[in-house]
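Student: Questions regarding the structure given below will be posed in turn.
A short reminder: the numbers here are calculations on the coordinates, not readings from a lab. From a predicted model like this one, the values you see are computed outputs, not experimental measurements. Cβ placement follows ideal geometry from the backbone for every residue including glycine, while neighbour counts extend to all protein chains displayed.
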Amino acid sequence: MTTTRGSRITLRVVALAYLFGLIALPILVILYRTFEPGIGAFLDSIRTPAAIAALNLSLLIVAIVVPLNVVFGVFTAIALVRWRVPGRGLIHAVVDLPFAVSPIVVGVSLMMLWGASGWFGGVEESTGIRVIFGLPGMVLATLFVTLPFVVREVEPVLHEIGTEQEQAASTLGASTWQIFWRITVPAIRWGLTYGVVLTVARSLGEFGAVIMVSSGFPGVSQTLTLLVHSRYIDDHNTYGAYAAATLLMGLAVATLLLMTLLDRKRSTR
């Protein structure tokens with residue numbers, strides 16, 4: 001199908017107008033409202049104890065979730081590509097489940113499992129570890145919603161590189177771990193890194209699942225996304241919500257730039 005120059009320009013204008021109205025305009029409004037009183041007011045708002053605690057908690061959850069997802073994602077991808085495991089279709093469905101299930105449903109499910117009257121509700125009484133309305137519950141919720149990213153980024157790379165180098169190393173006497181660390185990991189590093197960046201971005205921005213299993217108390221179990229919600233809805237602190245949203249936006253933009261850079265490097269290879 002051929003298109004004229006005018007139709008191409010029209011399509012581009014429509015696409016850009018749509019993106020501007022849907023994404024750019026709300027972001028510009030938030031930035032304008034945030035920096036209208038000056039940079040000093042913004043810094044004061046994000047330096048409060050609640051904001052610092054929320055940032056630290058968000059980064060702590062990322063620091064816990066990313067390594068766990070890397071280990072699970074890499075070995076799951078290897079199992080799906082390299083091994084003839086039974087129930088591969090079921091494993092694929094489970095990995096893709098977070099894409100189909102609402103985060104709110106995830107939070108409710110975790111409450112039914114780990115709540116006081118849930119299947120594993122006795123864990124808190126026996127160990128003293130609070131899962132729901134504590135850090136473990138927030139980590140579990142974030143783990144679930146970020147489950148597919150590393151798997152789905154590493155899996156196609158494993159398909160692409162094949163098994164020739166691994167078989168050659170095995171023939172030369174390399175052990176399984178030597179093959180993994182010296183052959184497999186360097187070959188999948190770009191896909192793995194891309195999956196990690198996506199995991200970080202989703203972990204920082206997750207709201208629906210986390211709010212269901214968090215008490216929302218400032219300095220206790222309040223992430224940056226929950227801080228924005230609390231300031232805007234509960235405290236009616238509109239400017240504080242804008243400032244926290246801008247901080248969260250800055251982290252997201254940094255993650256996006258890193259993802260774009262890695263994607264370009266991966267494309268050149």
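Student: With an 8 Å Cα cut-off and a minimum separation of 6 or more residues, compute the relative contact order for the range 39-268 in percent.
Tutor: On the way: 264 pairs, mean separation 70.0, N = 230.
Relative contact order, the range 39-268: 30 percent.
Student: In the range 122-152, which residues have a backbone nitrogen under 16 Å from the label point lying 7 Å from residue 72's Cα in the Cα-to-Cβ direction?
Tutor: The answer is 136-152.
Student: Beyond 22 Å, what share of the Cα-Cα pairs of the range 174-269 remains, rounded to the nearest whole percent?
Tutor: Details: 2208 of 4560 pairs.
Here the tail beyond 22 Å accounts for 48 percent of pairs.
Student: Here is a follow-up. Need the C-alpha centroid separation for the range 77-122 versus the range 3-57, integer Å.
Tutor: Result: 34 Å between the Cα centres.
Student: Around residue 59, what is the net charge, scoring Lys/Arg as +1 and Asp/Glu as -1 over all other residues with Cβ under 15 Å from its Cβ?
Tutor: Numbers: positive: 202; negative: 206.
Surrounding charge for residue 59 is 0.
Student: Below 8 Å, C-alpha to C-alpha, sequence gap of six or more: please give me the relative contact order for the range 139-266 in percent. Provide the component values of the computation, followed by the final result.
Tutor: Working: 99 pairs, mean separation 35.1, N = 128.
In percent, rounded to a whole number, it is 27.
Student: What three numbers, in Å, describe the spread of the alpha carbons of the chain along their principal axes, ordered from the longest?
Tutor: The Cα atoms of the chain stretch 70, 67, 34 Å along the principal axes, largest first.
Student: Calculate the FRET efficiency for residue 234 and residue 171 from the Cβ-Cβ distance with a Förster distance of 41 Å, rounded to the nearest 0.05. Don't skip to the end; give the middle numbers.
Tutor: Details: r = 64 Å, r/R0 = 1.56.
Computed FRET efficiency for residue 234 and residue 171: 0.05.
Student: Still on this model: Hey, rough spin-label estimate for residue 43 and residue 24, points 7 angstrom out along Cα→Cβ, what's it come to in nanometres?
Tutor: 3.1
Student: I want to check the label-to-label distance for residue 7 and residue 253. Put each point 7 Å from Cα in the C-beta direction and report it in nm to one decimal.
Tutor: Calculated label separation equals 3.8 nm.
Student: Name the helices (complete DSSP H segments) of the chain with a Cα length along the long axis of 20 Å or more and a Kyte-Doolittle mean of at least 0.5, or state none.
Tutor: Counting only whole DSSP H runs, the qualifying helices are 5-19, 49-82, 147-161, 185-205, 238-268.
Student: Give the order of 232, 32 when sorted by the count of other beta carbons within 10 angstrom, beginning with the fewest. Intermediate results must be reported in sequence, preceding the final value.
Tutor: On the way: 232 17, 32 10.
Fewest-to-most ranking of 232, 32: 32, 232.
Student: Then there is this: Give me the net charge of residue 144's neighbourhood, meaning all other residues with Cβ under 13 Å from the Cβ of residue 144; Lys, Arg count +1, Asp, Glu -1.
Tutor: Values: positive: 202; negative: 96, 206.
Surrounding charge for residue 144 is -1.
Student: Oh, and also: When the helix-only estimate is applied to the chain (DSSP H runs of n ≥ 4, each -39,500 (n - 2.57), divided by the residue count), what is the mean residue ellipticity at 222 nm, nearest 500 deg cm²/dmol?
Tutor: -23500 deg cm²/dmol
Student: If you put +1 on each Lys and Arg Cβ and -1 on each Asp and Glu Cβ, how big is the dipole of the chain around its Cα centre, in Debye rounded to 20? Provide the component values of the computation, followed by the final result.
Tutor: Working: 18 positive and 14 negative charges, 187 e Å.
Here the chain has a charge dipole of around 900 debye.
Student: I've got another one for you. Ranked highest first by the average count of other Cβ atoms within 10 Å around their residues, in what order do 168-180, 4-16 fall?
Tutor: Values: 168-180: 12.4, 4-16: 9.8.
The most tightly packed comes first, giving 168-180, 4-16.
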